[in-house]
Each structure stands twice: as C-alpha cells, then as structure tokens.
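Let me begin by presenting the structure, written as structure tokens, before commenting on it.
The values are calculated or read from the model by the stated rules, or taken from the named source; none is laboratory data. Keep in mind that what you see is a predicted model, and the values were worked out from it rather than measured. Methodologically, a virtual Cβ is constructed for each residue, glycine included, from the backbone with ideal geometry; neighbour enumeration extends over all protein chains shown. Just the protein is used for accessible areas: all its heavy atoms, side chains included, with ligands, DNA and RNA removed. Shrake-Rupley method; radii C 1.70, N 1.55, O 1.52, S 1.80 Å.
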Amino acid sequence: MKKKLVALTGAGISAESGLATFRGSDGLWEGHRIEEVATPEGWAKNPALVLDFYNQRRAAARAAQPNAGHRALAALEDQFEVVIITQNVDDLHERAGSSNVIHLHGKLFESRSSYFDQLIYPMDDDMIELGDLCEKGHQLRPNIVWFGEAVPLMERAAEEAATADVFLVVGTSLQVYPAAGLLGYVPRATPVYIIDPSRPPVTSRPNLHFITEPATTGVPKVATELQAG
C-alpha cells in the first residue's frame with residue numbers, strides 16, 4: 001500500500017510559470033486593489049470590472065505552462081498516493097499530470113451562478129460576459145472563493161492533512177487563512193518539508209525540514225530524496 005503524500009501549494013509555484021501572485025509588494029494584484037476584484041463587495045459594486053479581471057487571468061493561465069515543480073509533484077504518484085491541496089485557481093497541476101487536486105479557492109476555468117452556488121459550469125472559452133446567465137436566469141460569476149466567502153473544501157482538505165504520511169508546503173507564505181491552518185492538522189510524527197525561497201514563519205515542530213529554494217528546484221530535490229528513501 002502506498003504512503004500518502006499531501007502537498008499544500010500556493011502562488012509561488014504558479015509564479016514560476018509566469019502567473020502573477022495575487023498580491024504584489026505594492027498591495028495590488030495586476031494593478032487592482034484586492035477589494036475591487038476579489039470580494040463580494042467588489043462584485044456587487046462593479047461586476048463588469050471583476051469579470052474583465054478574471055477573463056484576463058484566464059487568458060494568462062491558458063498561456064502558461066506547468067514547470068518542474070508541478071511535474072515533480074505529478075511524478076510522485078508513481079510511488080505515493082498524492083493529494084494536492086492548492087490555493088491556486090489555475091489548472092497547472094492537472095496539466096502537469098496530477099490526478100487528485102483539491103482547489104481550496106475555486107477554479108479559474110469554471111463559472112457558477114451568482115445566486116445558486118451549486119450551479120457550476122466548465123468553461124469552453126476564457127470569457128464570462130455581463131448577460132451570461134445560469135440555467136435559472138442569474139448572472140454567471142467566476143467559480144472563485146473570494147475574500148470574505150466560506151471555503152467549502154476546507155473540511156476535506158483538513159481530513160487529507162490529518163492522514164498524511166508526508167506533508168509538503170510549496171510556494172506559500174502560510175499567511176492566508178484558513179489554508180495556512182492546515183499545518184495544524186498534520187500528525188506530529190509526519191515529516192513536513194517547507195519549500196520556499198522565503199522561509200515562512202512556522203511554529204516549531206518535530207520532523208520539520210526547510211528547503212529555501214523555489215519550487216522548480218526545491219520540489220525535484222525533495223522528490224529525489226523521498227523516492228530514494
């Protein structure tokens with residue numbers, strides 16, 4: 001029986017494929033305040049701006065390619081039962097070959113009803129326009145978990161973290177909650193590898209390993225170590 005490897009990934013791994021992280025050093029995301037484009041209040045105030053913003057993000061994600069970090073995580077499925085818990089909304093993990101990906105913050109290439117949350121639709125192109133409606137006549141919105149909204153898959157993610165034999169943290173500052181709290185569910189005996197060029201603040205615990213490298217070099221390095229072990 002394969003051991004379970006759970007990886008929590010964040011914006012850093014996508015940034016290495018050329019996708020902008022959600023908040024730059026100036027506090028803006030692609031020139032916009034987070035409140036304008038990634039909150040229910042921003043949607044209520046200016047849905048056209050929000051739709052245009054995510055249409056652009058979709059086009060950028062479509063043009064991006066999985067990197068060595070994504071591919072190394074996918075390749076670990078040969079030896080481990082791998083569960084990817086990602087804060088990223090792009091599909092780079094899936095395109096790299098990962099077969100079990102939990103998108104905590106939603107999926108960029110899905111739309112959903114702005115009124116009935118359960119009405120979710122795969123997208124055939126990169127555009128959602130004003131006037132695009134769900135089957136019950138309500139405006140479609142990106143299937144993204146915005147700031148201030150509940151994270152519906154958090155319970156499932158916590159269950160996966162609690163049963164991990166190996167836990168990786170890749171390209172995340174561990175400062176966005178509730179995702180950052182997942183480390184608290186990982187068993188104390190489970191080795192935890194934190195792969196990030198900037199060492200995130202983490203409460204001391206046993207079996208903690210820091211790899212202060214970007215995902216493209218750090219994940220393959222850890223993968224080689226795990227496969228050898």
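Below, the figures for the structure above:
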| read-out | value |
| --- | --- |
| Rough spin-label spacing in nm, given labels placed 7 Å along Cα→Cβ, for residue 177 and residue 125 | 4.3 nm |
| Long-range HN-HN contacts of residue 194 with modeled amide H, under 5 Å | 169, 209, 210, 211 |
| Selected from 128, 6, 86, residue furthest toward positive end of dipole (the chain; charges at beta carbon) | 6 |
| Accessible area of the chain belonging to carbon and sulfur atoms, whole % at 1.4 Å probe | 51 percent |
| Residues with amide H under 5 Å from that of residue 83, placed H, sequence gap 5 or more | 5, 6, 7 |
| Accessible area per residue, Å², the stretch 1-145 with all protein chains present, probe 1.4 Å | 46 Å² |
| Of (1) 40, 27, 14; (2) 25, 23, 17; (3) 31, 18, 17, the label for semi-axes √(5λ) of the Cα gyration tensor in Å derived from the coordinates | (3) |
| 3J(HN,Hα) from dihedral phi, the stretch 101-117, Karplus parametrisation 6.51/-1.76/1.60, rounded to Hz, x for glycine, proline | 10, 9, 9, 4, 9, x, 10, 5, 9, 10, 10, 8, 5, 6, 10, 9, 4 |
| Cβ-defined net charge surrounding residue 47, 13 Å radius [Lys, Arg +1; Asp, Glu -1] | -3 |
| Sequence-distant lysines (8 or more away, or on other chains) whose Cα lies within less than 23 Å of residue 3 | 221 |
| Fraction of antiparallel bridges per DSSP, the stretch 84-207 only, in percent to nearest 5 | 55 percent |
| For the stretch 84-99, 3J(HN,Hα) per residue [Karplus equation, 6.51 cos²θ - 1.76 cosθ + 1.60, θ = phi - 60°, Hz, x = Gly/Pro] | 9, 10, 10, 7, 7, 9, 7, 10, 5, 4, 5, 5, 7, x, 5, 9 |
| Net dipole in debye of the stretch 73-195 [+1 Lys, Arg Cβ; -1 Asp, Glu Cβ; about Cα centre; nearest 20] | 460 debye |
